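Working notes for the structure below.
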Amino acid sequence: METYTSRKDWKASVLFLFYCLLILACSKPETEKAPIDFELSQLSSEIKLLLTKEISDITYPEELKQFYKSHSYNSIWHPLRNDSLKKLALIELLFSAEFDGLNPTFYHANSIKQSLHKLSNDFDSLYKQLAHIEILISDGLIALQHDKVFGRINPLQLFGSNYMLPIDTPNNFDIYAPLDYKYFKKTIESPSNENHIEYQKLKLALLRELENNEEDIQNIEVQALNTIKLRLNEPFDHISELTAILINKGYLDVKDSALSSSETYNRKLFNAVKNLQEDYGLHPDGVLGLNTILALNFSKQEKIAQIQANMERCRWFKLQSIKTPFVYVNLPEYKLYLHYLDSIRSQKICIGKKKPKNYNEKLSKFLETKKWYHKPVNFETPQIHSKIRYMVVNPKWGVPKSIVMREMWHLMKKDSCYLSDHHYEVYQNNKLIDGDTINWDLYKADKQPFHIKQKAGEFNALGRIKFIFPNPFSIYLHDTPQKSKFENAQRSVSHGCVRVEKPIEIGEFLIRQNKKISRDEFRMMMGQKPLDQELEKQWETDTLLYDQIEDSTKIIFLDDPICIFFDYRTISFSEDDKIQYFFDIYGQDKLIIDELCRKQSRNTLVE
């Protein structure tokens, strides 16, 4: 975010202005001048004249025109001339936007401060100056109030159809509420997100970073470490830099600086790195690889930017206002949360792969050639809001044509038994045919009349169960036979759908209110012993109960569909309120910060 006046600087300036005003008020002018009556009507005329012109850097010109017209162009802020305390409160309020991760420049903070300081004694120019200050103050307060409640950025404009989370709209928002001389400070300091616990935690974290005067120290060079996995007691040429960073970040004490003379990655450094890995969502194995090096090099400015991006997300989507029960997925954290009425359970997930680095370059080539094999893949999991309506036990997997063309076609042509060996079925015109008898050389990858499905079973890519909710991306939650992927710290490995670590736990969560099938019936259907003690005894002794294990495809509809949210937050807080940073896997933090820094115009809010 662009540089603006520091809190110490602007507070000092404001206090200086305040004391100057007091001195001027108490001092007697050397030459007495005849008092000139202040004409409010003349100020109103200047306000009206100014609003007929094109005013630069004003965010809400139409709203201001309508407001002042309905108030006969009367000034709201003229009492500030003789009210030093209110003047100080106003300037302090505008600069406090920084504490919400917003740039005070966009609310005219510096311009208003300087204009108030340079007010002319010449009444002819004074009215023009006051009219300009009037519009700046009103526009700044409206913009600040709006941005603190709804966010400065419209996520639909930034992410398009990939953002489906519910966002508040300003339909019932009183944009003119801050234009009250008596209560403007109270109005702006009490937006709806002030009661948002996560938002307040982020705000405190931002304040800590802004007040932290420690400078970042030299980073560890990463280019030579791309393939290195440094383990305990192995030699390392960057021990001194590693020690200094761990001390600077608070994972070692200053007294541990003697460790910098070591030539090996010793136990104390190893344990400190494990603690750092936990805070950055990495597997806490103490192994010093590329992602851990990136976490070590994570700068103060990067940390501030990440907090600012997540505060903006909180303004878009207020998770705390959602009523339980619901399912919540945080993509960068690789976690799914089941929100019960009285508790929360979490589990690991795998999500869609990030786009290739040269995605835009490949897309340009595809738009030029129109050839399918030039089209770049985008498997990034979108941000979704929907309702889980049913579960499919023992699902078949209808393989998307894009996967057939890109990943299976050459294998099918090379090995005539590839499909049957991997439990695939081939359909033509909805009729099952023998895929092993097809001469694939007669067809092109993008022009073949077949539809391929994988049979149900433990080997199926969707595992034993999938959870369906309507969305335009054909995304769903599902089990997976590749359980080892959950051991990885970075789990963006899928084609877009979300693989879940504990599918049966999710099924039990969804089935709680169902009348047609009980929780224990569902467990037995999935081959799990029931939770009821009497039924469990029978389950262990009566082999007939094993017949209830479902081996065919079965759909279970929910009596009450359950809300599900796919969110993207790169900061979370542990149960003891310890902040945890996650890698910005899809590069969305950068998009938000770039947009927050951009001076932007906004569509009118007035109907």
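With all projection directions averaged, the alpha carbon convex hull of the stretch 223-298 covers 4.4 nm². Pairs of Cα atoms nearer than 8 Å and 6+ residues apart set the relative contact order; for the chain it is 15 percent. Please give the Cα centre distance for the stretch 174-189 versus the stretch 265-344, rounded to the nearest Å. Here the answer is 36 Å between Cα centres. Its DSSP H runs of at least 4 residues, each contributing -39,500 (n - 2.57), put the calculated 222 nm mean residue ellipticity of the chain at -11000 deg cm²/dmol, to the nearest 500.
Charge dipole (Cα centre; +1 on Lys/Arg Cβ, -1 on Asp/Glu Cβ; no other charges) of the stretch 189-311 amounts to roughly 340 debye. Quick one: work out the % antiparallel among DSSP beta bridges in the chain, nearest 5. Here the share of antiparallel DSSP bridges comes out near 80 percent. The structure shown yields Rg and Dmax of the Cα atoms in Å, and of the options [x] 31.0, 109; [y] 26.9, 103; [z] 26.5, 89 that calculated value carries the label [x]. With respect to the chain, whose longest principal axis is taken over its alpha-carbon atoms, helix 40-51 is tilted by about 40°. Between helix 300-316 and the chain there is an angle of about 80 degrees, using the helix long axis and the longest principal axis of the Cα atoms. For the peptides 454-461, 386-393, the ranking by packing is 386-393, 454-461, with the highest mean count of neighbouring Cβ atoms within 10 Å listed first. Put simply, the amide H of PHE326, placed in the peptide plane, has neighbours under 5 Å in HIS339, leaving out anything fewer than 5 places away on its chain. For GLU361 and HIS71, what does the FRET efficiency come to when R0 = 56 Å and r is the distance between their Cβ atoms, rounded to the nearest 0.05? Efficiency for this residue pair is about 0.55. When the Cα positions of PHE67, TYR176, GLN428 are compared along the charge dipole of the chain, GLN428 comes out farthest toward the positive end, with charges on each C-beta of Lys, Arg, Asp and Glu.
Karplus-derived 3J(HN,Hα) values for the stretch 450-467, using 6.51 cos²θ - 1.76 cosθ + 1.60 with θ = phi - 60°, are 10, 10, 10, 10, 9, 4, 6, x, 4, 7, 4, 4, 8, x, 8, 7, 9, 10 Hz; glycine and proline are entered as x.
Cross-link pairs exceeding 24 Å in C-alpha to C-alpha distance, out of LYS274/LYS578; LYS87/LYS303; LYS323/LYS354; LYS453/LYS515; LYS201/LYS323, comprise LYS87/LYS303; LYS323/LYS354; LYS453/LYS515. Against the chain, whose longest principal axis comes from its Cα atoms, helix 123-150 is set at around 20 degrees. Think of each Lys and Arg Cβ as +1 and each Asp and Glu Cβ as -1; about the Cα centre, that makes the dipole of the chain roughly 1280 debye. A protection proxy built from the mean count of other Cβ atoms within 10 Å ranks the segments 470-476, 57-63, 366-372, 127-133, most packed first, as 127-133, 57-63, 470-476, 366-372. Note that the stretch 413-426 has calculated 3J(HN,Hα) couplings of 6, 6, 10, 5, 9, 4, 5, 5, 5, 10, 6, 9, 10, 10 Hz, one per residue in order, obtained from phi through the Karplus relation 6.51 cos²θ - 1.76 cosθ + 1.60 (θ = phi - 60°); glycine and proline are x. Projecting the Cα atoms of ASN271, LEU411, LEU130 onto the charge dipole of the chain (Cβ charges, centred on the Cα centre) puts LEU411 farthest toward the positive pole.
Backbone amide hydrogens, once placed in the peptide plane, bring GLY398 within less than 5 Å of GLN454, excluding anything fewer than 5 places away on its chain.
Any read-out appearing in this document is the output of simple, stated calculations on the displayed coordinates, not a laboratory observation. Just so it is clear, the model here is predicted, and its values are computed rather than measured. Note that we place each Cβ from the backbone using ideal geometry, even for glycine, and neighbour counts take in every protein chain shown.
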